[in-house]
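The values are calculated or read from the model by the stated rules, or taken from the named source; none is laboratory data. What you see is a predicted model, and the numbers here were worked out from it, not measured in a lab. Cβ coordinates were reconstructed from backbone atoms using ideal geometry, including for glycine residues, and neighbour counts include every protein chain displayed. Please note that ligands, DNA and RNA were not included when accessible areas were found on the heavy atoms of the full protein model with its side chains. Shrake-Rupley method; radii C 1.70, N 1.55, O 1.52, S 1.80 Å.
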Amino acid sequence: MRRSSFIRLVGASVVLGGALAVAGCAEPAEPNPSEVPTRIEAATPGIETASPAPESAGPVLVPDGSADDNLPLFSSVVASVWSGPEPYAGRAYIDALSVAGFDRGAMQVTEDESTVGNPAESIQFSVRWDEECLVGQVGQPGWGEPVAVVVPGILDGGCLVGNTRPIDW
């Protein structure tokens, strides 16, 4: 290939590349009306259309459901309290579960302090749900993340074995 042919080829490539670059910056052409899909909506006077239901912000209480159906909400409440300012306060869990719609009368909670006044190493709280229980447990630093499970209820109608504190607030 001669030098002049090579220069013309390189020049043509540069010009073509520049034209393509400029074409990419140009405004798009108006769409061809025959290629644009047409959507026709008929409006019927006097009939209102419902707005789509908003997406749920998270789990919700299922009053007619099982303990397993309500475990997602229970777990969500436990996680929320755990990440809040009172992660080692049994009352905070009971209050938050009540606000979420769980029956306070079906709840139990262990003491926040040991019998000698030290912070409890862990606290448990529960909600009786028919023959089963939603049970949560949190521990002091080093014990890991909170636990939320469904377990069978105990025969006396409760969920937690041992001493629990009255929920009288």
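Worth a mention:
- Residue match in segment 61-84 (condition: at pLDDT below 95 and not polar (S, T, N, Q)): no
- If you go through segment 143-157 and keep only what is touching a residue at least 40 places away in the same chain (Cβ under 8 Å) and of a type in the set (D, E, K, R), you end up with just GLU145.
- If you go through segment 85-121 and keep only what is modelled with pLDDT of 95 or more and of a type in the set (S, T, N, Q), you end up with SER98, GLN108, THR110.
- Entry remark, segment 113-169: residues being of a type in the set (A, V, I, L, M, F, W, C), part of a strand (DSSP E or B) and touching a strand residue (DSSP E or B) at 6+ places or on another chain (Cβ under 7 Å) number 12 in total.
- If you go through segment 144-164 and pick out every residue that is open to solvent by less than 60 Å² (accessible area, probe 1.4 Å), within 21 Å of the chain's Cα centre (by Cα) and among the hydrophobic types (A, V, I, L, M, F, W, C), you end up with 3.
- Applying the criterion of being open to solvent by 50 Å² or more (accessible area, probe 1.4 Å) and in contact (Cβ under 8 Å) with a residue 60 or more places away in the chain to the residues of segment 103-141, the residue that is nearest to LEU71 (Cα to Cα) is GLU132.
- Residue match in segment 78-87 (condition: over 20 Å from GLY153 (Cβ atoms), under 16 Å from the mean Cα position of the chain (by Cα), surrounded by 14 or more Cβ atoms within 10 Å (Cβ to Cβ) and polar (S, T, N, Q)): yes
- Only residues that are open to solvent by less than 20 Å² (accessible area, probe 1.4 Å) and assigned to a helix (DSSP H, G or I) were counted across segment 63-77, and they come to 5.
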